[in-house]
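Beneath this line is the structure, given in structure tokens, with notes to follow.
The values are calculated or read from the model by the stated rules, or taken from the named source; none is laboratory data. Keep in mind that this is a model prediction, so the values were computed, not measured. Here the Cβ is made from the backbone with ideal geometry for all residues, glycine too, and neighbour counts use every protein chain on show. Ligands, DNA and RNA are stripped out before the accessible areas are found, and what is left, the full protein with its side chains, is counted by its heavy atoms. Shrake-Rupley method; radii C 1.70, N 1.55, O 1.52, S 1.80 Å.
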Amino acid sequence: MVVDHKIPGFVPREYVWLCVWRKESEEVVVVTFVPHTCDEFLVQPKFVRGSITVVVRLEKLPPLECGIPQTRVTYSNQMDVQGGRVAAKLVNKFAAAQLGPLVDMKVGLDQSENIDGDKRLEFEEMVRAHNQPYTEEELEVIKKGQDLHTMFEGENGKVVNLPTTLATAKVAYKKGERMAYGWATTIVRASPVQVLACLWDVMSRNMMNEDDLERVIAEKLNDHNMVGYILKRSPKPLANRDLVMRFVWMVQGSGFVLAQSPTSVVDRPLPKDIVRMTYLSTMKIIKVNDGETRLEYVCRPDAGGSVPAVIFNRYMARFVSYPTQIQKYFQKVRPLSIYDEKDGRAVGEALLIKTKEEDASVRQAGVSWEAARMRVRFTQIRGLREAGERHEWLEGMLARVVKNRLMGGGGGSAAAKVADLTAADGPSLGAGLATCLASNLTSDAGVAEWIEKNPVLKEFEETHVWFRPMMNTVGKRLLAKSNFGAKLRLVMGASLSTLDLITDASTIKLYLDTPGFEAYAHAMIGMVSFCLTAQLLIVWVQTKRGPRIDMAKDMMYTLMALKPGIDAWRVAVGTDQNEFQVMAPHVELSLTKAVEMTFEAIPGCVLQIMGYLKALKSEDGATYQALLSLFISALSTGFSSATISFDYDADVVGRRNDPANYGMLLPGLRGVAAFACMIVNGALLLLLRSVSTALLLMIGPGYCLAYYLLDWFVFFAQKAARDDSSIFLTVGDSFFATFFVGPIWHFGCKVVVDFTGLVFWRGPGIHGGIYWTLSMMLSLVSSLASVQVYYAVTPKEEVAVPAGSAWAAVGVLSGAWVAVFAAFLLLIDSKLIGSFFSTETCREWVCKKFTDPGASDQTKMSIHEKNHKKWRSIRADVKAWTHDNWARFEEEQPAWFSPDFVARVDDEMIPRDALVRLNRAAGGHRRRSSVGESMREAAAGAASTRERRSARDRGGAGGARVAPAPDN
């Protein structure tokens, strides 16, 4: 055997030994490895011959209750690396590394999964037959534990960052106490009784930690009450800590509650050199469905002794991560045969989390960190282990993926089929993802390009539903850490917004200092103020349920004009919608940018052009400062328009369910070039339409008003003629929704499309392909016509600029727009060009989601998220199909069948028995969700706040409330 000890200047050593084993008794076998000299193995010139002696003693132990055999292994060795210049002290430092074979033996032969599984089965049988009464003391432990959860109801608590996105955590403080309380929740892929069995078996290997010096069950009073003792190692110079805790569990609804409180036992007095800490906690184990359980955990640790609370509280993330340990454990033991999309996302999270075991492998074996991590994960996670046994290339591929380095060797594999792949193909396949992520602006788009480039991965994905979600999760985490595209969007968005704000402010100051231009300054101040107010309102609606610090940060970003860039970055890195938010990040981004473009950017450009033309007629003439502000505003608006189009077009679900309208932007640099074309196109069209509008206003407001009234009349008339007056969003049937929300929606969308050419809004749900194209043509024609009308009506002495200059400017802008748009069409997917001329109506588009023969369950059910007026012609069919499949969705719990989605489904569409359960679970009537509902809720919340303040001022008991008793 030749070993490279990875010591600088240390040549590899070779070892030759003789192995002999001897049976000392029926229970003991001894295996010995001794140095051996043999003529068949001559010393190689470039190696040094060392010697090693190993003695392994194997002692048979009684089998466990479940029948699994046990063996005590005693391993000892002595190594001499030889070489006269090698100090023995240096060699002895690496003695611990030579115990690796013992660790490998323990891991390879580990039966913990089977042992724990048998214990869980026994516990489950006990729970089903459990009928032991609870004492007053036990009930008091349960009650105190449940009371802890009230601290975190509603918006209480500050969010704590965890290394995984599969869990949510918060921290809060109780008045008068110095120690913090922690709260966390996650979903576990197991039944409630299985989770309880895992938590109750405190002596199992998966519940033990590296800092445990002792862990025993000190007293077991009955099947639901026991006392445990744990001795913990503390970092120097702190004294070690111990805990004496009482555990009590109780059935609660379809789940359980497990409470833990400090106690004491007679045979566990406090040692002199040990500090006793206290740990109060409660775990609610709530059934989601037959295969999933939600954990809600609250804890209050107290280190005791002289440790300052402010320091100890900083480690709260470690304590509230306990539910994630349970989630990881059950994920590890799930077999590959039942893997689904949720498993893929969970495994993807695990691949990006650093492990202590990988550090040991890097130090002892000298392997790379990514290879060590994959070896650990493929050993620990049963599903991955089974996949690796069937596909030897998978581990190497994922190791190269998590390394995430742009380097050579990413050419994929020459294998035509998955069955032809070898271990050598793995790193080459994995190296290609880094390039795809770097050349795309979203993680999903990068993963999609990577899979499209490698047909073998596409074949693998078709038979493994968990693979794409796993890679999307990995791509999202890698993107958030180091993606160039996301940072580029953040820098571009924030820089353009900041420059726009600075130049607008300087232009306002210029107008205020120039006699005769004060009205322009006041109008710009009004537009900016209205826009910021509307954006602050959006932030309030989005964050009012969450921590106040999040609201304060987003409002600060808004006032500093950084919000568009921050929103674009959040979408690019795949930030998920949290439980407090009303809108998904991409919806918030679109709404914020649409408000900015409609009420500030577009009218601001028109106003600045009018001011520029007026300044040309003055004695001082126009300044380059105003012209620079105009161009920056146009570029910033073009970036906003392009970002909205890109974010929606790159949506993976949209591309899969609606390929006729999604997916025009191709992966890689071609897609980035198309994105750049959209930015330039939006800026050029804004300048062109602003010039034509400014010229009409300078002739007289009546001319401009007449043109736009005619334009809007034609737009709304064709909407009415095509039965598209109502919008596709679910806004309700109220007078407000019908005669205010709908028209305002159409008006805002038309203004944005007419002035920026927002490409994605060509879809049938908003503008319609053919009308979008006609609008672009009309924009070019009307711009030329406005110049003609301006010079035909305006007296020569009042003309702001020579006709030749005006025609040249409009001609250049029009020609540049046509050229850039032609380049854009050449860069996008040619299959989507037809969508620019589609006559499909919004009603037809919505109904097709359900009537399309190839529509998936998710696509069909998405019709419930659309305005029911759009699909009233097929309402009976939708109701019958939904009723027939509702029970299946409740049982299977697909990822899209979330509580938020269910809240958007009409009561009539839900089977009666399921509706009764939902209403009962909600305490009377289930929550409904829609755009109109969110607006009404916001108004109601403001009214409720005013009422509470009024009651408080009158001295009334406005804060009193009655809480229902828990359902046990």
**OP:** Could you tell me what percent of the accessible area of the stretch 808-912 is made up of carbon and sulfur, with a 1.4 Å probe and every protein chain present?
**Re:** 56
Original post:
Under a point-charge model restricted to the Cβ atoms of Lys and Arg (+1) and Asp and Glu (-1), what is the dipole moment magnitude of the stretch 686-833 relative to its Cα centre, in debye to the nearest 20?
Top reply: 200
Original post:
Going by alpha carbons, how many degrees (0 to 90, nearest 10) lie between the helix axis of 931-954 and the longest principal axis of the chain?
Top reply: 80
Original post:
Arranged from highest to lowest average of other beta-carbon atoms within 10 Å per residue, in what order do the peptides 344-351, 688-695, 868-875 appear?
Top reply: 688-695, 344-351, 868-875
Subject >> Where the chain is the region considered: accessible area per residue in Å², 1.4 Å probe >> reply: 49
Original post:
Mean separation of Cα pairs under 8 Å and 6+ residues apart, divided by the residue count of the chain: what relative contact order is that in percent?
Top reply: 7
**OP:** For residue 793 and residue 60, calculate 0.36 nm times their separation in residues minus their Cα-Cα distance, and state this gained length in nm to one decimal.
**Re:** 253.2 nm
**OP:** Starting from the Cα-Cα distance between residue 161 and residue 10, subtract it from 0.36 nm times their residue separation and give me the gain in nm to one decimal.
**Re:** 50.0 nm
Subject >> Peptides 912-921, 184-193, 451-460, 756-765 ordered by average Cβ neighbours within 10 Å, highest first >> reply: 756-765, 184-193, 451-460, 912-921
Subject >> Listed pairs 284/593; 328/860; 593/614 exceeding 31 Å between Cα atoms >> reply: 284/593; 328/860
**OP:** Rank 815, 335, 587 by how far each Cα sits towards the positive end of the charge dipole of the chain (+1 on Lys, Arg Cβ; -1 on Asp, Glu Cβ) and give me just the farthest.
**Re:** 587
Subject >> Within-12-Å neighbourhood charge of residue 696 [Cβ basis; K, R +1; D, E -1] >> reply: 0
Subject >> Size of electric dipole in the chain: Cβ of Lys, Arg +1 and of Asp, Glu -1, about Cα centre, debye, nearest 20 >> reply: 1640
**OP:** Just add up the charged neighbours of residue 873: K/R +1, D/E -1, any other residue whose Cβ is under 11 Å from the Cβ of residue 873.
**Re:** +2
**OP:** On a C-alpha basis, how far is the centre of the stretch 874-894 from the centre of the stretch 240-255 in Å? Whole number, if you could?
**Re:** 40
Original post:
Using 7 Å Cα-to-Cβ label points, what is the residue 254/residue 41 separation (nm, one decimal)?
Top reply: 6.3
Subject >> Using a Förster distance of 51 Å, the FRET efficiency for residue 423-residue 851 (Cβ separation, nearest 0.05) >> reply: 0.60
Subject >> Accessible-area ranking of 1, 524, 203, largest first, probe 1.4 Å >> reply: 1, 203, 524
Original post:
Between residue 865 and residue 17, what is the label-to-label distance in nm when each label sits 7 Å out along the Cα-to-Cβ direction?
Top reply: 6.1
Subject >> Within straight-line cross-link reach of residue 175, lysines at Cα separation under 16 Å, skipping those fewer than 8 residues along the same chain >> reply: 158
**OP:** Within the stretch 35-69, find all residues whose amide N lies under 14 Å from a label point positioned 7 Å from the Cα of residue 25 along Cα-to-beta-carbon.
**Re:** 58-62
**OP:** Excluding residues on the same chain fewer than 8 positions from residue 46, give the lysines whose Cα lies under 27 Å from its Cα.
**Re:** 6, 89, 93
Original post:
Leaving out ligands, DNA and RNA, what percent of the accessible area of the stretch 522-652 is carbon and sulfur, probe 1.4 Å?
Top reply: 67
Subject >> Ordering of 500-510, 672-682 by packing [mean C-beta count within 10 Å, highest first] >> reply: 672-682, 500-510
Original post:
Roughly what would the spin-label model give for residue 744 and residue 712, points 7 Å off Cα along C-beta, in nm?
Top reply: 1.4
Original post:
Efficiency by 1/(1 + (r/R0)^6): what FRET value for residue 122 and residue 217, r their Cβ-Cβ distance, R0 = 22 Å, to the nearest 0.05?
Top reply: 0.90
Subject >> Pairwise FRET efficiency - residue 628 versus residue 801, Cβ, R0 = 22 Å, nearest 0.05 >> reply: 0.75
Original post:
If the cut-off is a Cα-Cα distance under 12 Å, which aspartates and glutamates reach residue 869, setting aside same-chain residues fewer than 8 apart in sequence?
Top reply: 723, 724, 733, 844
Original post:
How long is the gain from residue 147 to residue 721 if the chain were fully straight, where each residue apart is worth 0.36 nm and the alpha carbon distance is subtracted?
Top reply: 200.7 nm
